[in-house]
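A short write-up of the structure that comes next.
The values are calculated or read from the model by the stated rules, or taken from the named source; none is laboratory data. None of these values were measured; they are calculated from a predicted model. Cβ: placed from backbone, ideal geometry, glycine included. Neighbour counts: every protein chain shown. Heavy atoms of the whole protein, side chains included, go into the accessibility calculation; ligands, DNA and RNA do not. Shrake-Rupley method; radii C 1.70, N 1.55, O 1.52, S 1.80 Å.
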Amino acid sequence: MSTPDPRPAKRLRRTSAPTSAPVAAPAAPTTPSGKPQRHFAIIGAGMAGIACARTLVQAGHRVTVFEKSSQAGGRTATIDTPFGNFDAGAQYFTVRDPRFARAIDTVPGICKRWSANSVQVLDAAGRVAAAGLPHREAHWVASPGMQALVGTWAEPLRLAGQLLTNTRVTRIEPDPLNPPGWQLRTEGPGGSQHVYAGFDAVLLAQPAVPAQALLASSAVDTPLTDALSKVAIAPCWTLMLAYPQAVRPGLTTLGPQWNAARSTHHRIAWLARESSKPGRNVVERWTVQASPAWSAEHLEDDEARVQAKLLKAFAEVTGIRATPAHADTRRWRYAQTTHPLGKTHLWDTAMGLGACGDWCLGHRVEDAFVSGLELALAVA
């Protein structure tokens, strides 16, 4: 009798073909309308970019929004200070398109009407030169700051990981693993670099000049480049001032009794008393926007020099010569469209590249919304 082998038997690997039918590959995801789901990269989280992203998500597509700043908002930026906040860019918005009105209705309580007791028109010396601009339409602001509207719309994207802030796109490239798709090279805090891939299309929701520059530096050959070169956008220096000394018994404001004015002073184009806007801190605060021509002439000047010149002009226009407790400036290189594209958006179907922004139609907040919406509808 032989002795049994104490070692366990080895399990034989089956090498013959299975007799059952092969498992079918999962079906590619589709949108509710039955179209293939696509993944869009959107560069810029201002009004146009967020309006575009929301619309695409609602249509069943995937989006990833890249924003170089720390939060969404673009030129609706609100700057917080110990004395209250300032709308450093867009001061208010109007509503003409019913689609914009319906979108605002989705965030009740955010937008409030600003009774700016008529926007005055001032001569170069600060004297009222006209009876005030007629109230053809309501002036609206978001509360507690203009940034709140875009920020609220962007929040679901952020929570879903679809909004990447502090992320600057440095290059657009063909995706080698997913032709004819795209990948993006980015730079983050501390110079960190990352590559994001797998995009079916790239949508530029930036000012026309940086959008054109990104396409050029990426060596992307598209008709968008020529169209973008025809758009002109003027810069703007913004001065923000706070006067807490005005908040005491018997004194509620300093200087003029109007809350907003357009000025023909060679340095100043717009002035607004921030504390007059609904839902804001009562501390007397002014936002002063320089004229496009003066801003362009002094675009590269030292910030302290710009601040001193604008503060002097502010005193000349308003008569307020008290020293502010807070003074700050911000430079917007691309602030006001002087020559718009003339249509709502750009879309290169063959390349899968698009562009949107207020510069397509003008410089109003609603122009940015409509442009982002129309681009999304065109590609969805």
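Evaluated over the Cα positions of region 243-380, the convex hull gives a direction-averaged projected area, one quarter of its surface, of 11.2 nm².
Dipole of the chain, Cα-centred, from +1 at each Lys and Arg C-beta and -1 at each Asp and Glu C-beta, to the nearest 20 debye? Walk me through the numbers before you get to the answer.
Details: 39 positive and 29 negative charges, 173 e Å.
Here the size comes out at about 840 debye.
Here the Karplus relation 6.51 cos²θ - 1.76 cosθ + 1.60, evaluated at θ = phi - 60°, turns the backbone of region 163-180 into coupling constants of 10, 10, 8, 6, 10, 9, 7, 9, 7, 10, 9, x, 7, x, 9, 9, x, x Hz, with x for every Gly and Pro. Subtracting the Cα-Cα distance of Thr253 and Val282 from 0.36 nm times their residue separation leaves 9.5 nm of extension gain. Helix 47-58 and the long axis of the chain differ in direction by around 40°, with both axes built from C-alpha atoms.
A simple charge model with +1 on the Cβ of Lys and Arg, -1 on the Cβ of Asp and Glu and nothing else charged puts the dipole of region 259-378 at about 480 debye relative to its Cα centre. Test of understanding: in a Gaussian network model of the chain with alpha carbons linked when under 10 Å, which of Gly44, Gly151, Gly190 would top the mean-square fluctuation ranking? With Cα springs under 10 Å in the chain, the top fluctuation among Gly44, Gly151, Gly190 is at Gly190.
Of the listed peptides 56-67, 232-243, what is their order by residue-averaged count of other C-beta atoms within 10 Å, with the highest listed first? Before the final figure, lay out the partial values.
Details: 56-67: 20.3, 232-243: 22.2.
The packing order, highest mean first, is 232-243, 56-67.
Only protein heavy atoms count here; on that basis, with a 1.4 Å probe, Ser275 has an accessible area of about 30 Å². Couplings for region 326-334, taken from phi via the Karplus curve 6.51 cos²θ - 1.76 cosθ + 1.60 with θ = phi - 60°, read 9, 9, 8, 10, 9, 9, 10, 5, 10 Hz in order; Gly and Pro are left as x. Across Glu274, Glu284, Glu187, mean-square fluctuation computed from a Gaussian network of the chain (C-alpha pairs under 10 Å connected) peaks at Glu187.
The Rg/Rh ratio of region 255-314, with Rg taken over Cα atoms and Rh as the Kirkwood radius over Cα pairs, comes to 1.02. Evaluating 6.51 cos²θ - 1.76 cosθ + 1.60 at θ = phi - 60° for every residue in region 353-369, the Karplus couplings come out as 10, x, 8, 8, x, 4, 4, 5, 10, x, 9, 7, 4, 5, 4, 5, 4 Hz, glycine and proline recorded as x. Among Thr167, Thr81, Thr94, the largest mean-square fluctuation in a Gaussian network model of the chain, built with springs joining Cα atoms closer than 10 Å, belongs to Thr81. Modelled spin labels at Ser192 and Ala232, positioned 7 Å past Cα toward Cβ, are 4.3 nm from each other. A Förster radius of 30 Å, combined with the Cβ-Cβ distance separating Ala315 from Ser115, puts the computed FRET efficiency at roughly 0.70. Using 0.36 nm per residue and subtracting the Cα-Cα separation, the extra length available between Val107 and Arg333 on full extension is 78.3 nm. Dipole magnitude for region 196-335: about 740 debye, using +1 per Lys or Arg Cβ and -1 per Asp or Glu Cβ, origin at the Cα centre. Heavy-atom accessible area, probed at 1.4 angstrom with all protein chains present, ranks His345, His363, His266 as His266, His363, His345, highest first.
With a 10 Å radius around each residue's Cβ, average the other Cβ atoms per peptide and rank 336-343, 371-378, highest first. Don't jump to the answer; show the numbers that get you there.
Working: 336-343: 16.1, 371-378: 23.9.
Ranking the peptides 336-343, 371-378 by packing returns 371-378, 336-343.
Each label was represented as a point 7 Å from its Cα along the Cα-to-Cβ direction; for Thr81 and Asp123 these points are 3.1 nm apart. Restricted to Cα atoms, the chain shows a radius of gyration and a Dmax of 26.8, 122 angstrom.
Between Ser70 and Asn178, what is 0.36 nm times their sequence separation minus the Cα-Cα distance? Round to one decimal in nm. Kindly include the intermediate steps, with their values, before the conclusion.
Working: separation 108, 0.36 × 108 = 38.88 nm, distance 3.02 nm.
That pair, Ser70 and Asn178, stretches by 35.9 nm at full extension.
Placing pseudo-labels 7 Å out from each Cα toward the beta carbon at Arg99 and Ala219 gives an inter-label distance of 3.7 nm. Accessible area per residue for region 231-380, computed on protein heavy atoms with a 1.4 Å probe, is 40 Å². Accessible area of the chain with a 1.4 Å probe: how many percent of it is carbon plus sulfur? That fraction is 55 percent.
Can you figure out the FRET efficiency of Glu137 with Thr30, using R₀ = 45 Å and their beta-carbon distance, to the nearest 0.05?
Numbers: r = 42 Å, r/R0 = 0.92.
Once rounded, the FRET efficiency stands at 0.60.
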